[in-house]
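> Dropping the structure in here first, questions after.
The values are calculated or read from the model by the stated rules, or taken from the named source; none is laboratory data. What you see is a predicted model, and the numbers here were worked out from it, not measured in a lab. Reconstructed Cβ throughout: ideal geometry from the backbone, glycine too, with neighbour counts over all protein chains shown.
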There are 2 protein chains.
Amino acid sequence: MKGAEEEVGIPKGFKLAGVHCGIKKKRKDLGIVYSEAPCVAAAVFTTNLVKAAPLIYDVEVLKVNRTNIRAITVNSGVANACTGVQGLKNAKRTAEKTAEVLGIPTESVLVSSTGVIGVQLPMEKLERGIEEAVKHLGEDPIPFAEAIMTTDTKIKLHERKVLLGGKEVTVLGVAKGSGMIHPNMATMLSFLITDARIDPKALESILRASVDDTYNMIDVDGDTSTNDMVVILANGLAGNVEIHEDTDEYWKFFEAVHEVNTVLARKIVEDGEGATKVIEVVVLHAPDRASARKIARAIASSNLVKTAIYGEDANWGRVFAAAGYSGAVFDPGKLDLYFESEHGRELVAMNGEGIPFNEVKVREILSASLVRIVLDMKQGNASATAWGSDLTEKYVEINGRYRT
Amino acid sequence: MKGAEEEVGIPKGFKLAGVHCGIKKKRKDLGIVYSEAPCVAAAVFTTNLVKAAPLIYDVEVLKVNRTNIRAITVNSGVANACTGVQGLKNAKRTAEKTAEVLGIPTESVLVSSTGVIGVQLPMEKLERGIEEAVKHLGEDPIPFAEAIMTTDTKIKLHERKVLLGGKEVTVLGVAKGSGMIHPNMATMLSFLITDARIDPKALESILRASVDDTYNMIDVDGDTSTNDMVVILANGLAGNVEIHEDTDEYWKFFEAVHEVNTVLARKIVEDGEGATKVIEVVVLHAPDRASARKIARAIASSNLVKTAIYGEDANWGRVFAAAGYSGAVFDPGKLDLYFESEHGRELVAMNGEGIPFNEVKVREILSASLVRIVLDMKQGNASATAWGSDLTEKYVEINGRYRT
């Protein structure tokens with residue numbers, strides 16, 4: 001299993017497990033995160049109007065309890081979306097069963113699902129799986145990371161340690177989500193656990209700001225899932241002084257959380273369905289931040305740009321066209337465009353027009369596995385970065401017959 | 001050449017030509033439409049902020065002259081987009097040359113281009129081509145239809161006759177645009193010519209309304225070209241009483257123009273790059289028209305829906321997910337979803353939830369070349385239809401190496 005080579009520590013007081021309970025044929029399909037101590041929690045859910053049952057359930061839990069979360073139960077294989085009243089009952093029952101087995105209050109359990117839409121969870125299997133998973137709770141995060149995968153080909157983990165007032169604080173993130181052209185089924189899940197002690201408001205603001213520049217810049221085309229969620233749990237066992245907004249410790253901790261999210265977001269793109277390359281779109285000197293974000297996302301999500309990069313074809317006109325339809329308002333006559341990678345950097349258009357460039361060199365630049373498209377707009381001070389994968393024949397093959 | 005089997009008449013007083021002038025290696029690349037009598041003109045141009053030089057030029061012409069247009073010169077192979085001051089000069093020179101050769105005023109000529117962005121037009125070849133094309137002007141629209149093609153595999157023509165006060169009026173449309181997942185390079189061109197006599201305001205309002213429900217519902221994902229344009233010329237030689245807004249004749253003529261646009265829009269989708277199926281998305285009983293349009297377009301443009309239909313996989317959850325992220329606000333708990341084709345019709349989800357359905361029958365339904373996705377929202381009286389093609393491995397192949 002790739003990704004497993006990374007040495008990952010685990011924040012104090014947390015345990016994880018991942019087992020096979022029978023939703024999928026063979027692979028692990030049920031994971032639990034558990035904390036010995038009550039956690040402050042923050043979460044960001046999909047903006048899709050069609051929300052899966054576990055998300056509807058979690059929103060209700062977090063309305064009444066943001067400071068005493070103890071566990072998250074996640075299944076893969078079935079999304080529990082478009083499942084009506086029965087789906088909501090099953091989400092609740094999943095939390096109840098987890099609480100019973102762990103001996104904690106029901107309202108301290110969050111639930112999450114990913115998989116096929118419109119199918120009910122097989123509750124008997126799931127409940128037996130919860131019993132089994134609790135027996136396997138331990139300090140190895142890999143079984144959990146495996147249990148939340150769907151079409152992912154690699155587990156996605158990242159850990160960061162940071163010193164806060166002399167105390168070592170650990171942030172561990174585990175994510176899934178492979179189809180990042182459009183997320184398949186279209187689910188992107190990310191669970192962060194940390195032993196930091198932090199005020200709930202501070203945790204919330206850190207998570208929101210970080211998600212905006214990471215997962216929200218890879219989920220580039222609005223093809224957001226019914227099930228997308230990012231959750232962070234902080235149990236305070238690191239013993240640091242409680243973190244409050246806009247303090248030095250806050251920014252240090254932000255930086256740690258943001259690194260974890262950035263790395264996980266990149267790993268999701270790298271594992272894009274059938275993807276061979278990561279495309280990093282950097283928009284510089286935009287008139288304002290909203291425009292920079294729109295333009296970066298439009299370029300990173302353009303099928304024409306994706307296929308051109310896959311074909312290692314310096315078709316910069318498609319980049320300009322995508323900027324033009326992004327909805328941002330700007331002067332196209334000022335744009336400079338560079339292609340960049342480990343093999344070098346080449347200016348291919350200047351002041352909105354094509355210029356002669358070295359085709360051989362650009363083809364070499366585009367042959368890298370990480371290709372950067374740098375659009376210097378020369379009309380302001382805002383910037384934004386978005387990530388996409390290329391679009392390949394393999395993507396179509398994977399997604400053409402997903403259910404069968 | 002497919003499409004040529006269709007018998008096409010030509011409106012009175014128009015002549016067309018299509019020749020090879022050397023922009024492309026072998027295929028025809030220059031077309032001219034000419035009218036013996038002055039035409040009332042209306043046009044709709046791309047909403048892309050990055051507009052090609054011919055569009056910028058035409059907008060200026062139409063500001064001062066909407067009643068004496070005599071010709072349109074169109075080239076394929078080079079888009080004349082992102083070409084700066086020289087590009088604008090070349091667009092103007094194309095009009096001047098056409099005017100010289102035809103012996104008409106420069107301001108009675110419109111120009112149009114499609115092809116690669118960022119390359120200057122080879123003006124010597126183009127000017128010689130204009131001389132050549134004028135010699136070939138005649139009543140066969142097929143050479144013109146061929147001359148405006150890029151990655152199109154079929155010519156796209158449709159003609160409709162309508163009686164207005166006892167006078168026979170003809171509307172002929174010629175279009176190009178194959179990449180309709182995202183239009184390749186991303187150009188969609190459509191030229192309509194008619195011998196109707198019509199007031200300029202009436203012509204304008206007819207064109208706008210019709211484009212909104214045809215080309216704008218296939219150009220589904222905002223990946224609009226720098227070069228997209230739809231133009232209609234009406235020379236009045238049919239001898240009908242001048243058409244004014246909101247009269248019976250107006251609506252009869254609207255219907256004729258709309259049929260031509262609808263058929264051409266469908267032909268564009270059918271010829272989508274690598275497409276094997278047309279997906280028609282019908283949204284019924286939506287809360288309002290704007291929501292119906294958003295939802296229909298989101299579904300028709302979803303890569304996940306496109307690949308599922310290509311794979312003949314009844315993955316209706318992806319349809320609900322696309323509706324959910326469309327930006328429209330609605331109650332997901334009321335949605336019914338049908339798959340429909342010449343092979344029958346099957347309800348697959350009801351009141352926002354999946355229901356048991358006949359997998360074998362649905363697979364048969366999805367095997368048709370025209371698949372209809374009918375979303376009955378049961379929460380209002382608005383409706384909308386959008387069209388998309390499926391997404392295939394072939395699309396990626398075509399677009400991965402377009403320039404080379």
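> Taking the conditions exactly as written (more than 14 Å from chain A (Cβ to nearest Cβ) and either of a type outside the set (S, T, Y) or crowded, with 24+ Cβ neighbours inside 10 Å (or both)), does B:I243 satisfy them or not?
Yes.
> Could you say which residue among A:A323, A:A292, A:A308, A:A296 is modelled with pLDDT under 90 and assigned by TED's automatic domain parsing to the domain that holds A:G352?
Every option except A:A308 fails the conditions.
> Sort through B:I181, B:I155, B:I148 and tell me the only one that's modelled with pLDDT under 90, of a type outside the set (G, A, S) and within 14 Å of the chain's Cα centre (by Cα).
Of B:I181, B:I155, B:I148, the one residue that is modelled with pLDDT under 90, of a type outside the set (G, A, S) and within 14 Å of the chain's Cα centre (by Cα) is B:I181.
> Out of everything in segment A:99-121 that is surrounded by fewer than 18 Cβ atoms within 10 Å (Cβ to Cβ) and of a type outside the set (S, T, N, Q), what residue ends up being farthest from the other protein chains (Cβ to nearest Cβ)?
Out of the qualifying residues, it is A:G103.
> Given the conditions (1) part of a helix (DSSP H, G or I); (2) crowded, with 20+ Cβ neighbours inside 10 Å, and given that A:G77 satisfies all but one, which numbered condition is not satisfied?
Condition (1) is where A:G77 drops out.
> Please verify whether segment B:37-47 includes one or more residues that are in the same structural domain as B:N235 (by TED's automatic domain parsing), part of a loop (DSSP other than H, G, I, E, B), modelled with pLDDT under 95 and within 23 Å of B:S225 (Cβ to Cβ).
Within segment B:37-47 (the criterion being in the same structural domain as B:N235 (by TED's automatic domain parsing), part of a loop (DSSP other than H, G, I, E, B), modelled with pLDDT under 95 and within 23 Å of B:S225 (Cβ to Cβ)), the answer is yes, since at least one residue qualifies.
> Do we find that B:V116 is assigned by TED's automatic domain parsing to the domain that holds B:M229, modelled with pLDDT under 95, in contact with a Gly (Cβ under 6 Å, 6 or more places away or on another chain) and under 26 Å from A:A298 (Cβ atoms) in this structure?
No.
> Kindly establish whether A:I355 is of a type in the set (A, V, I, L, M), surrounded by 24 or more Cβ atoms within 10 Å (Cβ to Cβ) and assigned by TED's automatic domain parsing to the domain that holds A:S389.
Considered against the rule, which asks whether it is of a type in the set (A, V, I, L, M), surrounded by 24 or more Cβ atoms within 10 Å (Cβ to Cβ) and assigned by TED's automatic domain parsing to the domain that holds A:S389, A:I355 comes out as no.
> Being more than 7 Å from chain A (Cβ to nearest Cβ) and of a type outside the set (D, E, K, R) is the filter here; which residues of segment B:331-350 pass it?
B:G333, B:L335, B:L337, B:Y338, B:F339, B:S341, B:H343, B:G344, B:L347, B:V348, B:M350
Each row is one residue, and each column tells you yes or no for (1) more than 25 Å from the chain's Cα centre (by Cα); (2) farther than 13 Å from B:V374 by Cα; (3) not in a loop (DSSP other than H, G, I, E, B).
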{"residue": "B:H285", "(1), (2), (3)": "yes, no, yes"}
{"residue": "B:S291", "(1), (2), (3)": "no, yes, yes"}
{"residue": "B:A298", "(1), (2), (3)": "no, yes, yes"}
{"residue": "B:L304", "(1), (2), (3)": "no, yes, yes"}
{"residue": "B:G317", "(1), (2), (3)": "yes, yes, yes"}
{"residue": "B:V348", "(1), (2), (3)": "yes, no, yes"}
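> Separate question: Against the definition (within 14 Å of chain A (Cβ to nearest Cβ) and closer than 21 Å to B:Y215 by Cβ), how does B:L49 come out, yes or no?
For B:L49, the condition - within 14 Å of chain A (Cβ to nearest Cβ) and closer than 21 Å to B:Y215 by Cβ - is met.
> Going residue by residue through segment B:237-249, is there one that turns out to be under 19 Å from B:H158 (Cβ atoms) and modelled with pLDDT under 90?
Checking segment B:237-249: not a single residue is under 19 Å from B:H158 (Cβ atoms) and modelled with pLDDT under 90.
> Quick one: B:L102 ticks every box in (1) under 25 Å from the mean Cα position of the chain (by Cα); (2) over 23 Å from A:M350 (Cβ atoms) bar one, so which box is it?
Result: B:L102 passes all but (1).
> Now for a separate question. In this structure, does A:S326 turn out to be within 28 Å of the chain's Cα centre (by Cα) and more than 9 Å from every other protein chain (Cβ to nearest Cβ)?
Criteria not met by A:S326.
> I need a count of the residues in segment B:129-178 that are of a type in the set (D, E, K, R), part of a strand (DSSP E or B) and surrounded by fewer than 24 Cβ atoms within 10 Å (Cβ to Cβ).
Residues that pass the stated criteria total 5.
> Does segment A:48-71 contain at least one residue that is farther than 18 Å from A:E96 by Cα, assigned by TED's automatic domain parsing to the domain that holds A:I142 and assigned to a strand (DSSP E or B)?
Among the residues of segment A:48-71, not one is farther than 18 Å from A:E96 by Cα, assigned by TED's automatic domain parsing to the domain that holds A:I142 and assigned to a strand (DSSP E or B), which makes the answer no.
> Being surrounded by fewer than 24 Cβ atoms within 10 Å (Cβ to Cβ) and either under 16 Å from the mean Cα position of the chain (by Cα) or without any contact (Cβ under 8 Å) to a residue 12 or more places away in the chain (or both) is true for just one of A:V263, A:V257. Which residue is that?
Answer to the check: A:V263.
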